[in-house]
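This report refers to the structure that appears directly beneath it.
The values are calculated or read from the model by the stated rules, or taken from the named source; none is laboratory data. Since the model is a prediction, treat every value here as computed from it, not as a measurement. Neighbour counts are summed over all protein chains in view; Cβ atoms, including those assigned to glycine, are modelled from backbone coordinates with ideal geometry.
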Amino acid sequence: MSTKPSEVGELGAEALRDLVRRATSGSPVATYAEAESPIAWDVLASGGWDQLGADDSASLRDLVEIARAWGYGCIPLPFIPSLMAKRHFAAAAAHEGPVTLSLPLEGTSDGYVPFGRVDGIRLVLGDGELTEVPTGRPDKLAIVSRGIEIDARTALPRTAAQEIAVVVAAEVTGGAERLLADSVAFAREREQFGKPVGSFQAVKHHLADAAIAAELAETAVIWASERPAEAFRGALFAVSRAVDLAELAIQVHGGLGFTWEMGLHFPLRQMMLARELIVGLESEHA
């Protein structure tokens, strides 16, 4: 069993990472997390990114690399839901626009629709056919991913649920890697008492723990992508380590880490939601 992606995953992730880097230009997540996406959907569609998994040319291991590259940008666009919907549902694959799913949430009979408030998005429900997204309730995590909660769910085969859990975990792992990079840069540039804050032992320890968490998350999500029986467990472990990293990143940024302007809470809320979704998927397919 290989732990390396194919050329589809490796080169695709490299190209997508470059696209994300150019679109965000190193801007803080807060500058676009609740504003217009720095990448238009048409850019993804014209490049065939949303169809990458639909023709089976990309393995789950490949999609993990793609999702990590995308997650690094923390961009509010329904790329991952569309990617997975078009991989598993023919009607979704035939649709040119963005598509989403209604996924189970932990401890509720409701379905969560990522990006359900995005104009023009279509929803896969029941027998796999597309429909307009019904009016729903704002989600409980302060409208993460511009999502809503509704009283219906997408009927997912177990294999699809496993793959969605792993790819969702890979996306937030990419977001965690972004927070680690931002924290290291902040610790080098920010000065306190005439020294970079990264020179203080407490900050060094936080950064070391964050680096370990990033490594564990990456390893776990790759491991899960190649072991279907352990998909949910590996995905949940990866997301939990991503949450650990996000909390450490906030501490590294000190008082600024808690401010809206820094935007560190946006990826953290996304990770918390991912954890609920993965637990919900596992519970429904136990």
*Could you tell me which numbered condition Ala169 fails, if it satisfies all but one of (1) buried (at least 21 other Cβ atoms within 10 Å of the Cβ); (2) hydrophobic (A, V, I, L, M, F, W, C); (3) farther than 18 Å from Gly73 by Cα; (4) out of contact with any Asp or Glu (no Cβ under 7 Å at 6 or more places or on another chain)?*
(3)
*Tally the residues that are surrounded by fewer than 20 Cβ atoms within 10 Å (Cβ to Cβ) and either of a type in the set (A, V, I, L, M) or outside any helix (DSSP H, G or I) (or both), restricting the search to the range 21-36.*
10
*Quick one: how many residues across the range 252-277 are surrounded by 13 or more Cβ atoms within 10 Å (Cβ to Cβ) and of a type in the set (Phe, Trp, Tyr)?*
1
*Residues in the range 197-205: is at least one at pLDDT 95 or above and aromatic (Phe, Trp, Tyr)?*
no
*Single unsatisfied condition, Tyr72 versus (1) among the aromatic types (Phe, Trp, Tyr); (2) farther than 23 Å from Ile222 by Cβ; (3) in contact with a Lys or Arg (Cβ under 7 Å, 6 or more places away or on another chain)*: (2)
_Among (1) more than 19 Å from Cys74 (Cβ to Cβ); (2) touching a Leu at 6+ places or on another chain (Cβ under 9 Å), there is one condition Leu11 misses while meeting the rest; what is its number?_
(2)
*Mind checking which pairs have a first residue in the range 1-29 that is closer than 21 Å to Leu264 by Cβ and a second that is among the polar types (S, T, N, Q), Cβ under 9 Å, 6 or more apart or different chains?*
Ala23/Ser37; Thr24/Thr31
*Hits in the range 185-217 (condition: in a helix (DSSP H, G or I) and either of a type in the set (D, E, K, R) or closer than 30 Å to Leu60 by Cβ (or both))*: Arg188, Glu189, Lys204, Asp209, Ala210, Ala211, Ile212, Ala213, Ala214, Glu215, Leu216, Ala217
*Of the residues Ala214, Ala238, which single one is under 25 Å from Ala161 (Cα atoms), surrounded by 19 or more Cβ atoms within 10 Å (Cβ to Cβ), in contact with a Lys or Arg (Cβ under 9 Å, 6 or more places away or on another chain) and not hydroxyl-bearing (Ser, Thr, Tyr)?*
Ala214
*Which condition breaks for Pro76 when tested against (1) without any contact (Cβ under 8 Å) to a residue 60 or more places away in the chain; (2) farther than 26 Å from Glu226 by Cβ; (3) surrounded by 21 or more Cβ atoms within 10 Å (Cβ to Cβ); (4) not aromatic (Phe, Trp, Tyr)?*
(1)
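When residues of the range 239-272 are filtered for being hydrophobic (A, V, I, L, M, F, W, C), out of contact with any Ser or Thr (no Cβ under 7 Å at 6 or more places or on another chain) and farther than 22 Å from Pro196 by Cα, how many remain? Give the steps one after another, and end with the answer.
First pass over the range 239-272, keeping only residues hydrophobic (A, V, I, L, M, F, W, C): 239, 242-243, 245-246, 248-250, 252, 256, 258, 260, 262, 264, 266, 268, 271-272.
Still in the list and also out of contact with any Ser or Thr (no Cβ under 7 Å at 6 or more places or on another chain): 239, 243, 245-246, 248, 250, 256, 258, 260, 262, 264, 266, 268, 271-272.
Checking which are farther than 22 Å from Pro196 by Cα leaves us with 239, 243, 260, 266, 268, 271-272.
Going through the range 239-272 one residue at a time, the tally reaches 7.
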*Any chance you could count how many residues in the range 228-273 are free of Cβ contacts under 8 Å to residues at least 24 places away in the same chain and assigned to a loop (DSSP other than H, G, I, E, B)?*
1
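Right, Arg178: more than 30 Å from His285 (Cα to Cα), in contact with a Gly (Cβ under 8 Å, 6 or more places away or on another chain) and either in contact (Cβ under 8 Å) with a residue 40 or more places away in the chain or of a type in the set (Ser, Thr, Tyr) (or both) or not?
Numbers: more than 30 Å from His285 (Cα to Cα): yes; in contact with a Gly (Cβ under 8 Å, 6 or more places away or on another chain): yes; either in contact (Cβ under 8 Å) with a residue 40 or more places away in the chain or of a type in the set (Ser, Thr, Tyr) (or both): yes.
So Arg178 passes the test.
Report, by residue number, each residue of the range 121-159 that is hydroxyl-bearing (Ser, Thr, Tyr), modelled with pLDDT under 80 and crowded, with 16+ Cβ neighbours inside 10 Å. Before you say what the answer is, go through the steps one by one.
Here is the first cut: in the range 121-159, the residues hydroxyl-bearing (Ser, Thr, Tyr) are 131, 135, 145, 154, 159.
Now narrow it down to the ones that are modelled with pLDDT under 80: 135, 145.
Once the filter is applied, which keeps residues that are hydroxyl-bearing (Ser, Thr, Tyr), modelled with pLDDT under 80 and crowded, with 16+ Cβ neighbours inside 10 Å, the range 121-159 yields only Ser145.
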*Answer yes or no as to whether Ala15 is more than 17 Å from the chain's Cα centre (by Cα), part of a helix (DSSP H, G or I) and farther than 22 Å from Leu273 by Cα.*
yes
*Inside the range 86-116, can you point out the residues that are charged (D, E, K, R), in contact with a strand residue (DSSP E or B) (Cβ under 8 Å, 6 or more places away or on another chain) and closer than 20 Å to Val43 by Cα?*
Lys86
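Return the only residue of Glu65, Glu106 being closer than 17 Å to Ala165 by Cβ, charged (D, E, K, R) and touching a Pro at 6+ places or on another chain (Cβ under 7 Å). Let's see the steps before the verdict.
On the way: Glu106 fails: touching a Pro at 6+ places or on another chain (Cβ under 7 Å).
Every option except Glu65 fails the conditions.
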